[in-house]
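Contents: one structure, followed by commentary.
The values are calculated or read from the model by the stated rules, or taken from the named source; none is laboratory data. This one's a predicted model, so the numbers in the text were calculated from it and none came from an experiment. Glycine gets a Cβ as well: all are built from the backbone with ideal geometry, and neighbour counts include every protein chain shown. These area figures cover heavy atoms from the full protein model, side chains too; ligands, DNA and RNA do not enter into them. Shrake-Rupley method; radii C 1.70, N 1.55, O 1.52, S 1.80 Å.
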Amino acid sequence: PSNNIQEFRAILHAAKHIIVVAGAGLSAASGIPTFRGAGGMWRSLDAMSLATPEAFAKDPSLVWQFYHYRREKALRAEPNAAHVALAKLSIPSVRASIAPSSKTFHLITQNVDGLSTRAARAVTTAQETPDASALLEMHGRLFDVRCTKCSHTTLDFSSPLCQALGDADRAHEDEVAAGKKETQISIPLEDLPKCSVCNSLTRPGVVWFGESIPLLPQLDKLVEQADLCLVVGTSSLVQPAASFAWQVQENGGRVAVFNVEDSLGTDTADFFFQGGCEIELPRALGMDDTA
Ligand code: NAD
Ligand code: ZN
């Protein structure tokens with residue numbers, strides 16, 4: 001693959017339908033651990049196996065604690081220059097100067113941390129507003145809470161549960177810091193968050209491994225029409241997102257990968273910009289002095 005910025009800009013200039021497929025690496029520079037880098041009480045657990053319906057059925061308290069940990073991380077994080085660059089690309093007037101032939105732009109993110117939404121808010125001015133429909137959070141959102149029975153969904157930043165989970169998390173970290181054996185603190189089932197409508201147990205409103213993706217039909221259409229796909233900070237191991245870039249290429253489109261390391265499919269990409277996407281993406285887009 002090429003790493004020539006001028007060649008990339010020429011492709012960008014001519015692209016009509018642009019998609020970005022983003023993963024955990026997009027938020028890495030914001031201090032949000034990828035699953036492989038998860039710390040705290042989750043270091044000794046396989047994070048991937050906690051993001052499953054089976055894990056929740058077996059131990060809802062443990063899974064809620066895992067999501068609480070991730071919420072805390074996300075709340076403390078700030079969007080980085082890559083989130084900002086993508087948010088700016090979703091402002092029609094900004095995009096017109098960078099990709100003047102583009103008719104559509106969509107950011108398909110596997111991340112649930114809400115940082116792309118916050119970046120969009122941060123770049124909004126009276127004259128320039130990101131197109132809200134440009135952002136597709138295919139794996140849901142960390143702060144959505146959904147009823148396991150009636151599916152009633154609410155946005156929740158501060159449930160009383162957070163207090164209990166926060167205390168458990170801190171107590172655990174204190175134990176680890178004191179060199180004590182790691183114990184698992186468990187919140188009693190009756191203290192887990194309940195639905196305000198039917199009082200059943202609620203769950204994080206995210207898409208777990210093995211679950212279907214409600215946005216998939218819409219995503220398939222976008223992938224089908226795309227002639228340029230930017231793959232940002234994803235290992236391309238998690239399906240179906242991993243196959244999006246490949247499909248774009250199959251249809252004659254171009255693919256540019258932004259990653260710190262070689263990942264699956266990098267060798268067949270048209271462009272590979274190796275390094276932190278918080279630096280490489282604004283640079284390739286020509287936004288590094290404004291980001
Ligand atoms: P992953 O392995 O799919 O993605 C991480 C990728 O990012 C790796 O290829 C890594 O080389 C790359 N990377 C790391 N730092 C980077 C940087 N600064 N710039 C560019 N690339 C960088 O992610 P995972 O953690 O194994 O997650 C698997 C699934 O869980 C995915 O759906 C993922 O999006 C989700 N997840 C989301 C979040 C979040 O919401 N922030 C966090 C963890 C996991
Ligand atoms: Zn309910």
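Relative to the Cα centre, the charge distribution of segment 40-128, modelled as +1 at Lys and Arg Cβ and -1 at Asp and Glu Cβ, gives a dipole magnitude of about 240 debye.
The residues of the chain expose, per residue, 47 Å² of accessible area to a 1.4 Å probe.
Candidate cross-link partners of Lys103 among the aspartates and glutamates, defined by an alpha-carbon separation under 15 Å and a same-chain spacing of 8 or more, comprise Asp131, Glu224, Asp227.
Model label sites at Leu155 and Ser200, defined 7 Å from Cα along the beta-carbon direction, differ in position by 2.5 nm.
Computed from Cα positions, the angle between helix 160-177 and the longest principal axis of the chain comes to roughly 90 degrees.
Note on Leu75 and Ile213: the model spin-label points, each 7 Å out from Cα along the C-beta direction, lie 2.9 nm apart. Shown for the chain: the carbon plus sulfur share of the solvent-accessible area, taken with all protein chains present and a 1.4 angstrom probe, equals 52%.
Size descriptors for the chain: radius of gyration and Dmax over Cα atoms are 20.0, 60 Å. Where does helix 241-250 land angle-wise versus the long Cα axis of the chain, in degrees 0 to 90, nearest 10? The angle comes out near 20 degrees.
If R0 is 22 Å, what FRET efficiency do you get for Ala96 and Lys221 from their C-beta distance, rounded to 0.05?
Details: r = 23 Å, r/R0 = 1.06.
With a Förster radius of 22 Å, E is 0.40.
For Leu75, the solvent-accessible surface computed with a 1.4 Å probe is close to 80 Å², ligands and nucleic acids excluded. The dipole here belongs to the chain: it is taken about the Cα centre, uses +1 on the Cβ of Lys and Arg and -1 on the Cβ of Asp and Glu, and is about 500 debye. Computed over the chain with a Gaussian network model linking Cα atoms closer than 10 Å, the most mobile of Thr266, Thr234, Thr148 is Thr148.
In deg cm²/dmol and to the nearest 500, what is the mean residue ellipticity at 222 nm of the chain if only DSSP H runs of at least 4 residues count, each as -39500 (n - 2.57), divided by the residue total? Can you show the working numbers first?
Numbers: 11 runs with 109 residues, N = 291.
After summing the helix terms and dividing by residue count, I get -11000 deg cm²/dmol.
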